[in-house]
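The values are calculated or read from the model by the stated rules, or taken from the named source; none is laboratory data. These numbers come from a predicted model, not from an experiment. So basically every Cβ, Gly included, is an ideal-geometry build from the backbone, and we count neighbours across all protein chains shown. With ligands, DNA and RNA removed, areas are computed over all heavy atoms of the protein, side chains included. Shrake-Rupley method; radii C 1.70, N 1.55, O 1.52, S 1.80 Å.
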Amino acid sequence: MINGIKPLDRSLRWGMVGGGGTSQIGYIHRSAALRDNTFTLVAGAFDIDAARGRAFGESLGVAGERCYPDYQTLFRQEAERADGIEAVSIATPNNTHFAICKAALESGLHAVCEKPLCFTTAEAKELAALSKQRNKIIGVTYGYSGHQLIQQARSMIAEGLLGDIRIVNMSFSHGFHNEAVELDNPSTRWRVDPKFVGPSYVLGDLATHPLFLAETMLPELKIKRLMCSRQSFVKTRAPLEDNAFVLMEYNNGAVGSLWCSAVNCGSMHGQKIRVIGSKASLEWWDEQPNQLRYEIQGEPVRILERGMGYLAPRALEEDRIGGGHPEGLFEAWSNLYRRFAVAMDATDRGDKTLLADFWYPDVDAGVAGVQWVERCVESADAGAIWVDFE
Ligand code: NAD
């Protein structure tokens, strides 16, 4: 159980690039990083508009001289201070991730980077190599992977309760962009512009989330090949898709499907994962994250509730309040940031024993997401053909 006691005897000095006052995702980064006192926010280049970024940073309590106009100045000037930042989170539009993440590692910082990590597998592998070479981690914020019931599913599958895994059915399909809402919304506008998001919209923005939930629940399952069909129902978004279907074949003979969409009218979020084995199935839905459906063939459905003593130790480890009370996205993110801090500290101390069996969405998760999107686009643009994953 997490009760507020710090998992480390110190708090990492932390900065942010992006995530400013008008951003969608900045607040949850801060809320998650600061909740368990594992990070202290001391610096940032919070906004593309330097003056707005400085005013925002100061409103958070960051000293004015440590609210920098851009990430290059942030990294350079912080490196010159004895009390400079040790880690940085990158919460800017997608086209900037590669350069900022690379600069962070080169400045000797650990990084938490938004997804997608970058646009091409070659770039992602370059970041992975640099992270290894500099001995600094990259954490990727696949938020719900930190939810206890995702860890519960991982434990149950590893225990063999589902039997042989046959089918993984995933979706992330909301309806918020069924019309060209980007005309009035700057935060959506860049999401449908290849200059900012590279080769895809919903495949990178949405699909990589349930894809990583599957990787978390089923670490042994590896994609062999995939086929993707993508559509732009709001025509001005072409060539970027606002809807896509992906079929996958895995190394063990299992098959998977993933539907991602921003035009699924009426759906709030629709992030679901159903894992089907030869004996039983598990299903989790982000709109009811505290319940995990466990369906054994021929028996009544069981609903496993978060925080209950019958769950696996792994799922109880990060319980913050006990069963009956809901925990959701903010707690899942806090669990991830807590893990990022532990991994950063262990890396700095060279604690290989701890790191050998310590899970968090790491740089390999970032690489896999980028490679998956790249393959999907390749398949779709060649007329929805099967393409090898590797
Ligand atoms: P946004 O457009 O709402 O905000 C972007 C922020 O970055 C703004 O504060 C902007 O001023 C700042 N910014 C832009 N360029 C900058 C630069 N060069 N230097 C410093 N600051 C800069 O975007 P958002 O919705 O918050 O998304 C940001 C990132 O987070 C994207 O990569 C997106 O894919 C990701 N995201 C992830 C999740 C998740 O669940 N993990 C959810 C939403 C968004």
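For the chain, what is the calculated [θ] at 222 nm in deg cm²/dmol (nearest 500), taking -39500 (n - 2.57) for each run of four or more DSSP H residues and dividing by its residue count?
Estimated from H runs of four or more residues: -10000 deg cm²/dmol.
With a ≥ b ≥ c the root eigenvalues of the C-alpha gyration tensor of the chain, is it rounded (a/c under 1.5), prolate (a/b larger than b/c) or oblate?
Because a/c hits 1.5 or more and a/b fails to exceed b/c, the chain counts as oblate.
Can you tell me the relative contact order of the range 295-390? Whole percent, Cα pairs under 8 Å, sequence separation 6 or more.
14 percent.
About the Cα centre, and with charges only on the beta carbon of Lys, Arg (+1) and Asp, Glu (-1), how big is the dipole of the chain? Nearest 20 debye, please.
Using only the charged Cβ atoms, the result is roughly 140 debye.
Loop-only chymotrypsin sites (Phe, Trp or Tyr not before Pro) in the range 246-341, please: DSSP not H, G, I, E or B, and at most 16 other Cβ atoms within 10 Å.
Those that pass, being in a loop and sparsely packed, are Tyr310.
Mind checking which aspartates and glutamates have their C-alpha under 12 Å from Lys224, skipping anything on the same chain fewer than 8 residues away?
Glu249, Asp388, Glu390
Using +1 on the beta carbon of Lys and Arg, -1 on that of Asp and Glu, and nothing else charged, what's the dipole of the range 30-87 about the Cα centre, debye to 20?
Dipole size: approximately 120 debye.
Expressed as a whole percentage, what fraction of the accessible surface of the chain belongs to carbon and sulfur atoms when a 1.4 Å probe is rolled over the protein heavy atoms?
53 percent
Could you name the lysines in cross-link range of Lys235, using Cα to Cα under 18 Å and dropping any fewer than eight places away on the same chain?
Within the straight-line cut-off, Lys235 pairs with Lys195.
Which order, highest average first, do 355-361, 194-200 follow once you tally other Cβ atoms within 10 Å for each residue and take the mean per peptide?
Descending mean neighbour count gives 194-200, 355-361.
At 1.4 Å probe size, with every protein chain present, just tell me what the per residue accessible area of the chain comes to in Å².
42 Å²
Going down the list Lys222/Lys279; Lys6/Lys125; Lys132/Lys279, which pairs span over 31 Å between their C-alpha atoms?
Among Lys222/Lys279; Lys6/Lys125; Lys132/Lys279, the Cα-Cα distance tops 31 Å for Lys6/Lys125; Lys132/Lys279.
Please calculate the 1.4 Å probe accessible area of Met1, with all protein chains present, and give it to the nearest 10 Å².
130 Å²
Between the DSSP loop rule and a limit of at most 16 other Cβ atoms within 10 Å, which GluC sites (Glu not before Pro) in the range 1-103 are left?
Filter output for the range 1-103: Glu80.
For a protection proxy built on the mean count of beta-carbon atoms within 10 angstrom, sort 22-32, 378-388 highest first, please.
Final packing ranking: 22-32, 378-388.
Let me know the shape class of the range 172-281, please: from the alpha-carbon gyration tensor, a ≥ b ≥ c as square roots of the eigenvalues, rounded when a/c is under 1.5, otherwise prolate if a/b is greater than b/c, or oblate.
Judged from the Cα gyration tensor, the range 172-281 comes out prolate (a/c at least 1.5, a/b above b/c).
Restricting things to alpha carbons, tell me how big the range 24-91 is in terms of Rg and Dmax, in Å.
Considering the range 24-91 through its Cα atoms, Rg and Dmax are 11.4, 32 Å.
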